[in-house]
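Notes follow the structure.
The values are calculated or read from the model by the stated rules, or taken from the named source; none is laboratory data. The shown structure was predicted, so the numbers you read here are calculated from the model rather than taken from an experiment. Glycine gets a Cβ as well: all are built from the backbone with ideal geometry, and neighbour counts include every protein chain shown.
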Amino acid sequence: MADSVSGEVRGLIRDREEPFNILVVGHVGVGKSTLINSAHVAVAKKWTELAWCGGGGAGSNNTTFFMPYTMFKPATMTVPIDGYHETIKMWDFAGMENLAEETYIELIGLALEGRVPEKTSLMPLLKDTSLSPSALARRFDEIVQKQRFHRVIMVCDANRDLPENLVQTVKRATKTQDGRQIPIFVVFSMMDRVDDANSPQYIQRREEALKAFQLKGNLERFFETGLYSDCNPSCSRAPDKRFNRNDEIDNILLTMWRVLLNPAYDRSLRSLSARCGPLIPPSALSRRSPRSHGAFTALTALAPRSLGARFLIAILGALTAKVLSMFKTIAEVTARVALSPRCRRSHGAVGALNGALAALSALSRRSGQNEVAVRAR
Ligand SMILES: Nc1nc2c(ncn2[C@@H]2O[C@H](COP(=O)(O)OP(=O)(O)OP(=O)(O)O)[C@@H](O)[C@H]2O)c(=O)[nH]1
Ligand SMILES: [Mg+2]
């Protein structure tokens, strides 16, 4: 089973010929950098410390630069993937404990659009309270196509309550200004520290996450796992400092890759104008225009993704066209009949008859022989 998934994932990796960027977000110390390394290990089958994982914890901010990590380079693989174009990158986004929401939303949003250059130092920007979202947008006004994002992974510590602010931030930021909807995947890390995954407290936390990301009934985008960390006893490298593989972690992360790389999730990445034509003024879709949110959602629903809505509209359109063409046909037939020679002749006959009637009634009034006159007609 694991081997077949591994083979499938290697195929999906090879098939990605265009840049494929995954943004990893989450609070400070939840395991974002550790996830990047662990996701790499699951496919590479050997350890490489791509992203630096420090002590973590509130305020430690190990990751402060906006860093891309190219996954699965031949030198890091036990068995290199032939024909792989080195297109897949995971990007580590700094976590913030007490985030200044507007600035953070703007910065994540700009990053997702490919406007924040790699290696940008994020902390000074996030901590600068005088920096308005519009000033940030002006600072990063150029889109680098190969740096646009295709997936977002939100990492949450399974032992901590869901960071509501960050959830909302990520949900808003993944609806980009040009109308793309970047798919979000959720990873509950630190599962090795969860005492009882059946406890009401944990179940409620899990339910809240599923609800917040509308994943109920479709767990495909939700993953719960411990990660490869010195602190995780089930794969700990101490005391011999050797890397100990863990099949359970590998299987979950291989499944994550299979879903992440599924081309079906690329559909919502086409810009809305490409999906709905030039009907939508781009300004109405701005992240900074919350009023347009409803309209945006409705338009997104009509986009190719929602086949049901499109089908309904197509049927209504076809029916309207049919009714209009029927009216046109009736009008045309009536006009033609009215103008036909037979019709004109009968107009004359009716006129003549009416004339004769008038003459007869005048006569009969005079002679009192109505009946004879009528019969003679
Ligand atoms: N036990 C255990 N420890 C973990 C797990 N994931 C991460 N850690 C540890 O938690 C600490 C923080 O992990 P990081 O990956 O640096 O977290 P981060 O989210 O990148 O942190 P910042 O970059 O500071 O925002 C490190 O000591 C990791 O080894 C896990 O699943 N289980
Ligand atoms: Mg980090």
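Below are the figures for this structure:
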| quantity | calculated |
| --- | --- |
| Selection count where residues are within 21 Å of Thr34 (Cβ to Cβ), in contact (Cβ under 8 Å) with a residue 60 or more places away in the chain and within 25 Å of the chain's Cα centre (by Cα), scope region 117-157 | 8 |
| Residue count, region 72-96 (criterion: among the aliphatic types (A, V, I, L, M) and either free of Cβ contacts under 8 Å to residues at least 12 places away in the same chain or within 16 Å of ligand 1 (Cβ to nearest atom) (or both)) | 4 |
| Meets criteria (in contact with a helix residue (DSSP H, G or I) (Cβ under 9 Å, 6 or more places away or on another chain) and closer than 27 Å to Arg258 by Cα) for Leu162 | yes |
| Conditions (1) surrounded by 22 or more Cβ atoms within 10 Å (Cβ to Cβ); (2) at pLDDT 90 or above; number of the one not met by Tyr104 | (2) |
| Count of region 148-167 residues which are in a helix (DSSP H, G or I) and at pLDDT 90 or above | 1 |
| Top-ranked residue in region 116-142 [being of a type in the set (Lys, Arg) and closer than 20 Å to Gly95 by Cβ; ranked as surrounded by the fewest Cβ atoms within 10 Å (Cβ to Cβ)] | Lys119 |
